[in-house]
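The values are calculated or read from the model by the stated rules, or taken from the named source; none is laboratory data. Fair warning: this is a prediction, and the values are worked out from it, not measured in the lab. Cβ sites come from the backbone with ideal geometry, for glycine too, and all protein chains shown count toward neighbours. When the accessible area is computed, the model is the full protein with side chains, heavy atoms only, and any ligands, DNA or RNA have been set aside. Shrake-Rupley method; radii C 1.70, N 1.55, O 1.52, S 1.80 Å.
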Amino acid sequence: MKIKTILFALLMLLTLCSASALYADTYVVGNSTFSLPDGYTIVEQANQVAIYNDDYVMTMYEGPILNPEQAKYKRMELGYDLIGERNYSFNKIKINQQNYNKNGITTCVYTFGKNNKTYIITLNVYEDQKIPEYENNPVTHIIESLK
C-alpha cells in the first residue's frame, strides 16, 4: 500500500511539473497579460513588444489601430507584396490575417479585438519556411492567453 501511495505521489508531481512547463512566462503589455512557452525573449517599448526565439520573430501592439483595409494599402505602398488575406473567427474573436512578402521574409499580420482592446500581432518567417499551423503557431498561444 505504501509503494502505491509513493508511486501515485511521484506521478502527480511529474504531471504538475510538465503542465507548468507549457506556459512558464507571463508577460504584461500595456493593460494586457499573455503567456508564451519557454525559450522566447521579449523586448518592450511602451505598448509594443518584440518577441523572438531561434525560429520566429513577432511584434505585438495594443492600442488604436487603422482599419485593416487601410493598413493593407499602406503596407503595399511601402513595397510589401500581399500574398493572402482571410477573415475568420477563433474562440469568438474576429481576426483579419494578411500575409505579405518582402525581401525574402513572409510577414503574417493578425488584427483583432479581445477584452475591449485592439491588437496587431505580426509573425515573421523566412519565405522558404512554412507558416506554423494552429497548434504550433505562437500567435495562437498569445491570442488564447490574452487577458
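Worth pointing out:
- Scanning the range 107-147 for residues that are open to solvent by 10 Å² or more (accessible area, probe 1.4 Å), more than 21 Å from ASN31 (Cβ to Cβ), among the β-branched types (Val, Ile, Thr) and modelled with pLDDT of 95 or more yields a single hit, THR107.
The rows are residues; the columns are (1) at pLDDT 80 or above; (2) under 19 Å from THR107 (Cα atoms); (3) outside any helix (DSSP H, G or I); (4) of a type in the set (A, V, I, L, M, F, W, C).
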position	(1), (2), (3), (4)
ILE3	no, no, no, yes
ILE6	no, no, no, yes
ALA9	no, no, no, yes
SER18	no, no, no, no
ASP38	yes, no, yes, no
ALA50	yes, yes, yes, yes
TYR61	yes, yes, yes, no
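- Check on ILE93, in contact with a Ser or Thr (Cβ under 9 Å, 6 or more places away or on another chain) and either at pLDDT 95 or above or open to solvent by less than 70 Å² (accessible area, probe 1.4 Å) (or both): no
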